[in-house]
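Take a look at the structure set out below.
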Amino acid sequence: MSVISSWNLTISLNTTLSLSWRSSLPSRAIFPRPKKTRTLVVLAIALGAKPTVLVSEKLGDAGIQLLKTFANVDCSYNLSPEELCTKISLCDALIVRSGTKVTREVFESAMGRLKVVGRAGVGIDNVDISAATEHGCLVVNAPTANTIAAAEHGIALLTAVSRNVAQADASVKAGKWERNKYVGVSLVGKTLAVMGFGKVGSEVARRAKGLGMQVIAHDPYAPADRARAIGVELVSFEEALTTADFISLHMPLTPATSKMFNDEAFSRVKKGVRIINVARGGVIDEEALLRALDSGIVAQAALDVFTEEPPPQENKLVRHENVTVTPHLGASTTEAQEGVALEIAEAVVGALKGELAATAVNAPMVPAEVLLELSPYVALAEKLGRLAVQLAAGGSGVKFVKVTYASARGPDDLDTRLLRAMVTKGLIEPISSVFVNLVNADFIGKQRGLRLTEERIVLDGSPEKPLEFIQVRIANVESKFASAISNSGEITVEGRVKDGKPHLTKVGSFGVDVSLEGSIVLCRQSDQPGIIGKVGNILSEENVNVNFMSVGRIAPGKQAVMTIGLDEEPSRDALKKIGEITAVEEFVFLKL
Ligand SMILES: NC(=O)C1=CN([C@@H]2O[C@H](COP(=O)(O)OP(=O)(O)OC[C@H]3O[C@@H](n4cnc5c(N)ncnc54)[C@H](O)[C@@H]3O)[C@@H](O)[C@H]2O)C=CC1
Ligand SMILES: O=C(O)C(=O)COP(=O)(O)O
């Protein structure tokens, strides 16, 4: 047996937490409700009540029909921010496009009911992801169905600005015939810099090559071999700026890309460059672009997106004669909208059912097969967390938690993110009013000052099972059940999965064996005959069914820890009577 990572490995509690799930997991583990409403919601769904999905922007019909097979669908377009906040507390899911701002206020107004936000498109800059995560709300998007539409729109604008199509059209419609004024420039042989070489950027590049352009791309995160495969050279930002005749923007709006095209950037471009933006308005400093257009540094710009949408009437960029504009039409083809609607409807319905969310934005994926295999260990992890925290004496302040995973599998073969989230859930929910799920576990843990570290132990043997046991230890605390403190001085509980069910197999330094169902009584007594019978009698007098009982002792005739699994909760009186048995030195009642 070897320990392959040490307690020093502090898992960063602010990393985005993993998550995906299946209906085989208990639904409350997936989308737990605030305590008062949880039971009702689960019950309502069990009785066949449909969840409610609010669609706040036009969505393709195929998507709406799919949603209707599973949910009540409320299509309410053009809601004001106040109206959205009012409606949202009655909705389990919200589907938006780029026109709805899903702000922190929206999540706060949802009062814990909103489980999923579906973005019917790619860019999620209109959704406050941190607020979603903090509120345990999953965000999913539809990242693939509009790629081609956006790329084609980029190419449409590229050709339009090279040949003054929009301006010439307006001129003819105004009764003029200005053939000399609208002489354009050719694309063939010109250099196009694609900024952001992702899905849309690479499709634009492919098409531009077909038009005979030299294509370079700037993307700090794109693999060079993917670029090479379509004959594109990845270059620095500087090189892209200084060599391009056309620049097409395809990066997401993030703090790093915000106003990436500013006075400084425009001061380095080739005079007469043409710029196309089908990404997000915010990646350009619009004031700086206006200056660059007025000074002739930028010959033309084509903008599908704006910092503020729709842009104000008086927006000088929109009215500029060298600017071609479209009203955020990149994704607006019949084909893309049907595709996006289906993609998002499937993702939202799946998430509401508790299935894997392949396009989760605030919850990295755990593959379906991994999840299926881990499912009983997920339940075990939560229950161990629940037991450990209930064993801490009041006022101890649980802070340092160590989770050990013992397995015969290699260290890279076990994704512990899910298990870590469930231990966190088990540790926090019994002692607070917050609800913890796989989306917000790390955030809530960090917020509450939990320092959770993980350790892997590699066991010899055949790696059939993903895990042999999970151990949860809480350091630097007193316990209300002294025997739960192991030789290392920590509250220690350890469990295994037996016949698909979680079992408690160790408390402190005592080996025990009890199925983790219902509730349990832990009892330390001096090892002597008759104790089990006495405890059993007290419980049977109360009609409390014992589902499991085990006794672990240090040595014959010394001390023993009796673990009793109960179907019902015993009365205070019964617990008092157990405590009064002479040989019983301490006992504790724990809810699972
Ligand atoms: N106008 C419209 O209707 C549409 C607009 N979009 C916009 O286009 C963006 C790109 O979409 P996809 O290609 O599907 O996303 P993607 O995620 O496949 O590609 C984005 C690329 O940008 C790169 N990137 C990130 N930071 C960068 C930086 N600082 N400099 C250069 N590159 C950077 C990433 O590495 C990635 O390769 C979306 O985020 C969205 O805002 C997408 C679809 C339709
Ligand atoms: O998918 C995207 O990122 C888009 O910008 C498309 O926006 P839309 O859904 O058309 O409002």
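The values are calculated or read from the model by the stated rules, or taken from the named source; none is laboratory data. Being a predicted model, the structure only gives us computed values, none of them experimental. When we count neighbours, we look across all protein chains shown, and the Cβ atoms used for this are built from the backbone with ideal geometry, even at glycine. Note: accessible area is taken over every heavy atom of the protein model, side chains too, but ligands, DNA and RNA are not part of it. Shrake-Rupley method; radii C 1.70, N 1.55, O 1.52, S 1.80 Å.
Run down GLY189, GLY154 and say which single residue is at pLDDT 95 or above, open to solvent by less than 60 Å² (accessible area, probe 1.4 Å) and not in a loop (DSSP other than H, G, I, E, B).
Unique residue meeting the criteria: GLY154.
Which residue out of PRO312, PRO376 is outside the structural domain of GLU468 (by the TED database) and either in contact with a strand residue (DSSP E or B) (Cβ under 8 Å, 6 or more places away or on another chain) or within 23 Å of ALA170 (Cα to Cα) (or both)?
Details: PRO376 fails: outside the structural domain of GLU468 (by the TED database).
Within the list PRO312, PRO376, the selection yields PRO312.
Report whether or not THR243 is within 27 Å of ALA149 (Cβ to Cβ) and among the hydroxyl-bearing types (Ser, Thr, Tyr).
For THR243, the condition - within 27 Å of ALA149 (Cβ to Cβ) and among the hydroxyl-bearing types (Ser, Thr, Tyr) - is not met.
Take the conditions closer than 24 Å to ALA393 by Cβ, surrounded by 19 or more Cβ atoms within 10 Å (Cβ to Cβ), within 45 Å of the chain's Cα centre (by Cα) and modelled with pLDDT of 85 or more and apply them to PRO570. Does it pass?
Considered against the rule, which asks whether it is closer than 24 Å to ALA393 by Cβ, surrounded by 19 or more Cβ atoms within 10 Å (Cβ to Cβ), within 45 Å of the chain's Cα centre (by Cα) and modelled with pLDDT of 85 or more, PRO570 comes out as yes.
Would you be able to tell me the number of residues in the range 263-291 that are open to solvent by 50 Å² or more (accessible area, probe 1.4 Å), in contact (Cβ under 8 Å) with a residue 24 or more places away in the chain and farther than 21 Å from THR191 by Cβ?
Counting residues in the range 263-291 that are open to solvent by 50 Å² or more (accessible area, probe 1.4 Å), in contact (Cβ under 8 Å) with a residue 24 or more places away in the chain and farther than 21 Å from THR191 by Cβ gives 2.
Going residue by residue through the range 201-216, is there one that turns out to be of a type outside the set (D, E, K, R), loosely packed, with under 15 Cβ neighbours inside 10 Å and assigned by the TED database to the domain that holds THR159?
Yes, there is a match, as at least one residue in the range 201-216 is of a type outside the set (D, E, K, R), loosely packed, with under 15 Cβ neighbours inside 10 Å and assigned by the TED database to the domain that holds THR159.
Out of GLU454, GLU517, report the one residue that is surrounded by fewer than 21 Cβ atoms within 10 Å (Cβ to Cβ), touching a residue at least 60 places away in the same chain (Cβ under 8 Å), touching a Ser or Thr at 6+ places or on another chain (Cβ under 7 Å) and not aliphatic (A, V, I, L, M).
GLU454
State yes or no: is THR69 surrounded by 15 or more Cβ atoms within 10 Å (Cβ to Cβ), at pLDDT 55 or above and of a type in the set (Ser, Thr, Tyr)?
No: the conditions fail for THR69.
For the range 244-256, check the following and say yes or no: at least one residue is free of Cβ contacts under 8 Å to residues at least 40 places away in the same chain and either on the phi > 0 side of the Ramachandran plot or not in a loop (DSSP other than H, G, I, E, B) (or both). Can you show your working first?
To start, the set of residues in the range 244-256 that are free of Cβ contacts under 8 Å to residues at least 40 places away in the same chain comprises 255-256.
Subset that is either on the phi > 0 side of the Ramachandran plot or not in a loop (DSSP other than H, G, I, E, B) (or both): none.
Looking for residues that are free of Cβ contacts under 8 Å to residues at least 40 places away in the same chain and either on the phi > 0 side of the Ramachandran plot or not in a loop (DSSP other than H, G, I, E, B) (or both), one finds none in the range 244-256, hence no.
Does the range 315-354 hold any residues that are closer than 17 Å to VAL55 by Cβ and charged (D, E, K, R), and which are they?
Result: GLU338, GLU343, GLU346.
Go through the range 315-360 and give me each residue that's farther than 29 Å from LEU114 by Cα, more than 14 Å from ligand 1 (Cβ to nearest atom), not in a strand (DSSP E or B) and not charged (D, E, K, R).
Residues satisfying the conditions are ASN315, LEU317, VAL318, HIS320, ASN322, THR334.
Quick check: anything in the range 125-138 on the phi > 0 side of the Ramachandran plot and either open to solvent by less than 40 Å² (accessible area, probe 1.4 Å) or in contact with a Phe, Trp or Tyr (Cβ under 9 Å, 6 or more places away or on another chain) (or both)?
Step one: list which residues in the range 125-138 are on the phi > 0 side of the Ramachandran plot, which gives 136.
Checking the rest, the ones that are also either open to solvent by less than 40 Å² (accessible area, probe 1.4 Å) or in contact with a Phe, Trp or Tyr (Cβ under 9 Å, 6 or more places away or on another chain) (or both) come to 136.
Among the residues of the range 125-138, at least one is on the phi > 0 side of the Ramachandran plot and either open to solvent by less than 40 Å² (accessible area, probe 1.4 Å) or in contact with a Phe, Trp or Tyr (Cβ under 9 Å, 6 or more places away or on another chain) (or both), which makes the answer yes.
VAL183 passes all but one of (1) exposed (fewer than 15 other Cβ atoms within 10 Å of the Cβ); (2) under 24 Å from GLU321 (Cβ atoms); (3) touching a Leu at 6+ places or on another chain (Cβ under 8 Å); which number fails?
VAL183 satisfies every listed condition except (3).
Go over the candidates GLU308, GLU314 one by one and state the one that is without any contact (Cβ under 8 Å) to a residue 40 or more places away in the chain, open to solvent by 40 Å² or more (accessible area, probe 1.4 Å) and either within 18 Å of ALA166 (Cα to Cα) or within 16 Å of ligand 2 (Cβ to nearest atom) (or both).
That would be GLU308, the only listed residue that is without any contact (Cβ under 8 Å) to a residue 40 or more places away in the chain, open to solvent by 40 Å² or more (accessible area, probe 1.4 Å) and either within 18 Å of ALA166 (Cα to Cα) or within 16 Å of ligand 2 (Cβ to nearest atom) (or both).
Return yes or no: is GLU338 open to solvent by 10 Å² or more (accessible area, probe 1.4 Å), more than 16 Å from ligand 2 (Cβ to nearest atom), closer than 30 Å to ASN72 by Cα and not aliphatic (A, V, I, L, M)?
Details: open to solvent by 10 Å² or more (accessible area, probe 1.4 Å): yes; more than 16 Å from ligand 2 (Cβ to nearest atom): no; closer than 30 Å to ASN72 by Cα: yes; not aliphatic (A, V, I, L, M): yes.
Considered against the rule, which asks whether it is open to solvent by 10 Å² or more (accessible area, probe 1.4 Å), more than 16 Å from ligand 2 (Cβ to nearest atom), closer than 30 Å to ASN72 by Cα and not aliphatic (A, V, I, L, M), GLU338 comes out as no.
Within the range 459-492, can you find the residues that are within 29 Å of the chain's Cα centre (by Cα) and of a type outside the set (S, T, N, Q)?
LYS465, PRO466, LEU467, GLU468, PHE469, ILE470, VAL472, ARG473, ILE474
Provide a single number: the residues in the range 192-226 that are more than 9 Å from ligand 1 (Cβ to nearest atom), in a loop (DSSP other than H, G, I, E, B) and either in contact (Cβ under 8 Å) with a residue 24 or more places away in the chain or hydroxyl-bearing (Ser, Thr, Tyr) (or both).
Of the residues in the range 192-226, 3 are more than 9 Å from ligand 1 (Cβ to nearest atom), in a loop (DSSP other than H, G, I, E, B) and either in contact (Cβ under 8 Å) with a residue 24 or more places away in the chain or hydroxyl-bearing (Ser, Thr, Tyr) (or both).
Determine, yes or no, whether PRO376 is away from ligand 1 (no atom under 15 Å from the Cβ), under 23 Å from ASP442 (Cα atoms) and either of a type outside the set (Lys, Arg) or outside any helix (DSSP H, G or I) (or both).
yes
What number of residues within the range 527-553 satisfy the criterion of being part of a loop (DSSP other than H, G, I, E, B) and touching a Leu at 6+ places or on another chain (Cβ under 9 Å)?
2
List the helices (runs of 4 or more DSSP H) that sit entirely inside the range 67-150 and contain at least 1 residues that are within 16 Å of ligand 1 (Cβ to nearest atom).
129-134
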